[in-house]
1. Please tell me if L88 is among the aliphatic types (A, V, I, L, M), touching a strand residue (DSSP E or B) at 6+ places or on another chain (Cβ under 9 Å) and part of a strand (DSSP E or B).
2. For E117, state whether it is within 16 Å of the chain's Cα centre (by Cα) and among the acidic types (D, E).
3. Looking only at the stretch 15-32, how many residues end up being more than 19 Å from V138 (Cβ to Cβ) and either in a strand (DSSP E or B) or not polar (S, T, N, Q) (or both)?
4. So which residues in the stretch 122-158 are surrounded by 19 or more Cβ atoms within 10 Å (Cβ to Cβ), within 14 Å of Y6 (Cβ to Cβ) and among the aliphatic types (A, V, I, L, M), if there are any at all?
5. I'd like the full set of residues that are part of a loop (DSSP other than H, G, I, E, B) and more than 14 Å from the chain's Cα centre (by Cα), limited to the stretch 135-161.
6. I need a count of the residues in the stretch 104-137 that are modelled with pLDDT under 95 and among the basic types (K, R).
7. Out of the stretch 33-57, which residues are surrounded by 12 or more Cβ atoms within 10 Å (Cβ to Cβ) and outside any helix (DSSP H, G or I)?
8. Could you please find all residues in the stretch 92-134 being more than 30 Å from P60 (Cα to Cα) and either among the β-branched types (V, I, T) or not in a helix (DSSP H, G or I) (or both)?
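The values are calculated or read from the model by the stated rules, or taken from the named source; none is laboratory data. None of the values given here were measured: they were computed from a predicted structure. Virtual Cβ from ideal backbone geometry, glycine too; neighbours counted across all protein chains shown.
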Amino acid sequence: MFSVSYCAAVHGIDGCLIRVEADVSNGLPGFSLVGFLSSEVKEARERVQIGMKNAGFSCPPKKITINLSPADIRKGGTGYDLAIAVSLLTAFGYFPQEYIKKILFIGELSLEGRIKEIHGVLPMVYTAYEQGMKWCVVPKGNVPEAKIVKGMHVFGVGSLQELVTVLQGEMSDEETVPKGGAGRSVVKSYGTVTAGFQNLTFE
C-alpha cells in the first residue's frame, strides 16, 4: 500500500515542503529510506520501527520503502521522524490517506514512542503556510513557536499513541467551532479534536 504525509526542510532561512512517501509491499522484508539523506535522517529507520513497536503498533514483516521528496534537496535533522511514522501507519491501514492530506507533521520520535521537540520549527511551519496548508502537528514543546505563524492551526502531541488516537477520532475537546456545514468542526486552538482530523474542513 502507498501513502503520503508532509514535513518540511530548512536551508538557512528558507524552508521547503517535503513529501514523505511510504510504500509497503510483499517481498523480502526490509526498510529502506531514500531521498538525499543525512546520517541522522537515515537513523530514523530504527527510531520509527522501535518507537512504533513500543507505542503498541505492529510493523509486519514487509518490504518498506520511504522516499523523502524532492530527492535533490538534502535533508538533515530528526524532525522527519513523525511524518515518516504517520505515512507508515497510514500505509498499514491505521487511518485513511484523506485524514492526513493537508497536515504538516514535525517531530522527533523516541524509542518509547514519545514525540520530542526539535529546532527550526518556525520556518518549517511558515513554509507549509505559504504552500497552502492550514494545519500542523508538532511536539508539545514547540507549540508556542509554531503559533507565531498567524493563520496556521497548531496541534501539539506528546506521543505517537496520542496522535493516532486523535487521527482515529477517539479523543474529545470542548473548544471547537462550527466550520463548513452541520456536523463538521475544526479545532479553535491547541487541544484535542472532537471527532478526529477526518472531520476537519480546509480552506
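1. For L88, the condition - among the aliphatic types (A, V, I, L, M), touching a strand residue (DSSP E or B) at 6+ places or on another chain (Cβ under 9 Å) and part of a strand (DSSP E or B) - is not met.
2. yes
3. 11
4. M124, V125, A128, M133, V137, V138
5. K147, I148, V149, K150, G151, M152
6. 1
7. L33, V34, G35, F36, L37, S38, E43, A55, F57, listed by residue number.
8. H119, G120, V121, V125, T127, Q131, G132, M133, K134 - these are the residues of the stretch 92-134 that are more than 30 Å from P60 (Cα to Cα) and either among the β-branched types (V, I, T) or not in a helix (DSSP H, G or I) (or both).
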